[in-house]
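What follows is calculated from the coordinates using simple rules that are stated; it is not laboratory data. As the structure is a computational prediction, the values presented were derived from the model and not from experiment. Note that each Cβ is placed from the backbone with ideal geometry, even for glycine, and that neighbours are counted across all protein chains shown.
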Amino acid sequence: MSEPVIFHFKKPGLQTMVQDLGRVGFQAFGVPTSGVMDKSSAKIANWLVGNPRENPVLEITLLGPQIEIKGNCQIALTGGNLSPTLNGNPIPMYETIQVDSGSILSFGRKLGGCRTYLAIRGKWQIKKWLGSYSASAHSGLELTPDSIIQKNSSLQVLSQLPISKRLYSKEQRPIYSRSVRVRVLPGPEFDSFSPLAIGHFFSRGYQLTPDSNRMGYRLDGQIKDFNPKREVISSGIIPGTIQITNSGQPIILLADAQTTGGYFRLVNVISHDLDKLAQLMPGDEVWFSLISLEEAKEALKEEKLLF
């Protein structure tokens with residue numbers, strides 16, 4: 001018989017939410033995909049506790065919560081290192097951790113990356129909306145109240161028999177840098193940009209501005225020689241689409257972005273590299289490399305082999 005484990009949030013953290021691999025199939029109705037920003041880290045966390053990779057996880061951003069855990073369970077932490085502790089003692093990332101009832105899970109200063117993923121072995125007792133546990137990008141408290149963590153929120157998980165300890169090797173773990181290079185494919189309006197504008201876009205790095213979030217990263221600066229002579233009909237966009245505003249500012253659209261937009265779509269970040277972007281914060285830098293469709297397909301094959 002499964003025993004319920006209660007996770008009581010004494011402090012919610014800066015932005016702590018339940019996320020899974022996303023709300024797929026509803027973009028035509030204007031519903032964002034949402035889901036975890038760093039899919040690789042979420043999948044690894046679930047593997048470490050023996051859950052299906054589609055299981056929900058907690059996405060913890062920059063400032064972690066303080067959680068009182070009532071019941072014995074197994075957890076795992078991956079992604080950004082926010083100095084996790086259990087009962088005041090440091091605990092490792094990327095391995096299965098046995099937790100005794102009455103323990104307090106806390107977080108400290110950021111050591112690398114900015115988003116930590118917490119997996120809990122068992123069946124999460126929260127409601128889905130449109131087939132996903134992910135916190136809704138819009139009206140989250142009304143549509144997905146269980147997935148928005150607030151002070152004194154409680155999360156119940158039906159525990160399962162413990163598994164043998166698993167470890168994700170240090171050689172395979174990502175190393176987070178404050179400057180990353182991501183690969184992109186030409187977007188639908190790529191040919192609307194002059195060679196000078198395209199050359200300028202790829203010639204420099206861009207810092208994330210403070211108004212960046214799960215909807216999108218606004219990048220500093222403007223592209224040279226960008227003089228749109230026509231309007232773009234509002235068209236479909238996906239996570240990774242890079243739009244250029246009328247002033248020439250690039251915006252990378254992410255998990256919680258709207259499903260259509262009216263700006264020129266210069267390029268699109270390949271799915272394999274979106275996880276790199278997930279661990280950036282304002283002030284960090286991103287560079288872009290244009291690749292071929294064949295190269296993007298090879299990257300997708302590598303991604304599927306990993307998971």
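General observations
- Taking Lys and Arg as +1 and Asp and Glu as -1, the other residues whose beta-carbon sits under 15 Å from that of G112 total +4.
- In loop segments of segment 1-106 as defined by DSSP, the GluC sites (Glu not before Pro) with at most 13 further C-beta atoms inside 10 Å of their C-beta are E54.
- Alpha-carbon Debye profile of segment 68-163, log10 I(q)/I(0) at 0.12 Å⁻¹: -0.44
- For R181, net neighbour charge (Lys/Arg +1, Asp/Glu -1) across residues whose Cβ lies under 9 Å away: +1
- Over all other residues within a Cβ to Cβ distance under 14 Å of K10, the charged ones net out to +2, with Lys and Arg as +1 and Asp and Glu as -1.
- With coordinates expressed along the principal axes, the C-alpha atoms belonging to segment 179-306 extend over 44, 32, 29 Å, beginning with the largest.
- Cross-link pairs exceeding 31 Å in C-alpha to C-alpha distance, out of K165/K297; K110/K151; K128/K170, comprise K165/K297; K128/K170.
- Equivalent ellipsoid semi-axes - Cα gyration tensor, segment 4-158, angstrom: 24, 16, 15
- Relative to the longest principal axis of the Cα atoms of the chain, the long axis of helix 293-306 lies at roughly 0 degrees.
- Value in Å of the Kirkwood radius, where the chain supplies the Cα pairs that are averaged: 20.2 Å
- Under the Karplus curve 6.51 cos²θ - 1.76 cosθ + 1.60, θ = phi - 60°, whole-Hz ³J(HN,Hα) for segment 202-212, x wherever Gly or Pro sits: 8, 8, 9, x, 10, 8, 6, 7, x, 8, 8
- When restricted to Cα atoms, segment 228-281 yields an Rg and a Dmax of 11.5, 36 Å, respectively.
- Backbone amide hydrogens, once placed in the peptide plane, bring Q249 within less than 5 Å of I223, excluding anything fewer than 5 places away on its chain.
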